[in-house]
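Asker: A single structure is presented below for examination.
The values are calculated or read from the model by the stated rules, or taken from the named source; none is laboratory data. The structure presented is a predicted model; accordingly, all values stated were derived computationally and were not measured. All Cβ positions, even for glycine, are placed from backbone atoms using ideal geometry, and neighbour counts span all protein chains on display.
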């Protein structure tokens, strides 16, 4: 069923009000022919970490698996954001960006997954092989922005909830999930640009607020509005990578300085970084986002505890 026309849907495609996040073909070609790619390591060994116990009384344990995949453990159930466990993020298994470290939590080590939060359809966030394994082995509820039902059903999902921006769904008595706007775009195939919506997820438990920002360019007014409407997050999960060159990436991806500003705009009490270190998508080096985040933190008068970098498999409990 086609959604009604809104301030971000024209009856055919979704869009960012007043902004354009997806680049045109000429911009893509200009980037590809003038790339200044910083070399990445072929492989990075990681240290295994044990999962924390499920926190009581409305707490949330957030474990960084890789890229934008977080395991969120609550007393009500376990959620997984943008699950990516494949070796490559691509339409095909034999080409495309290859991971440079193993998932911080292996697929077979996952606890029961009760719900999957899918922010948008890009291959580094919407990995169909991983979704198929989850649908078959865990049979979770899938929550995604408008337009993803057919894609998820093709992956074997049986229970699917689609949300528009600012819509809220309550999967369990003490948990609500709100789809928050982001400045981004969608496409998985030629002719499919912006046919599916994108967004982040704001979780309210009985005692905590957690904001998984999703992919986004920087938008001060939007991030302040999210903080006003949903409340200051106890934990914000914010992307810091895939940002160079700025002339090309700025509309759709924040750099670390902008990520720090998003932390401040939303009023977040504590933030952790995502969207870096697993797959080389853009021109910056693997460790560049970490170094730039430290500089941005210091410039903003923040401590390491205000905006943390987790190792793959490491957890934070709020």
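Asker: Which of the residues spanning the range 303-318 are assigned to a loop (DSSP other than H, G, I, E, B) and either touching a strand residue (DSSP E or B) at 6+ places or on another chain (Cβ under 9 Å) or surrounded by 17 or more Cβ atoms within 10 Å (Cβ to Cβ) (or both)?
Answerer: Selection gives 306, 309, 310, 311, 312, 313, 314, 318.
Asker: Of all the residues that make up the range 240-269, how many are assigned to a loop (DSSP other than H, G, I, E, B), out of contact with any helix residue (DSSP H, G or I) (no Cβ under 9 Å at 6 or more places or on another chain) and farther than 19 Å from residue 122 by Cβ?
Answerer: 1
Asker: Quick one: in the range 136-160, of everything that is part of a strand (DSSP E or B) and within 18 Å of residue 186 (Cβ to Cβ), which residue is farthest from the chain's Cα centre (by Cα)?
Answerer: 160
Let's see how each residue does on (1) touching a residue at least 40 places away in the same chain (Cβ under 8 Å); (2) surrounded by 20 or more Cβ atoms within 10 Å (Cβ to Cβ):
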| site | (1), (2) |
| --- | --- |
| 232 | no, no |
| 237 | yes, yes |
| 241 | yes, yes |
| 247 | no, no |
| 258 | yes, yes |
| 288 | yes, no |
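Asker: For the range 64-119, which residues satisfy the criterion of being assigned to a strand (DSSP E or B) and without any contact (Cβ under 8 Å) to a residue 12 or more places away in the chain?
Answerer: 88
Asker: Within 18 Å of residue 144 (Cα to Cα) and surrounded by 24 or more Cβ atoms within 10 Å (Cβ to Cβ): is that true of residue 214 in this structure?
Answerer: yes
Asker: Then there's this: How many residues are more than 20 Å from residue 91 (Cα to Cα), modelled with pLDDT of 95 or more and not in a strand (DSSP E or B) if we restrict to the range 185-206?
Answerer: Qualifying residue count, the range 185-206: 2.
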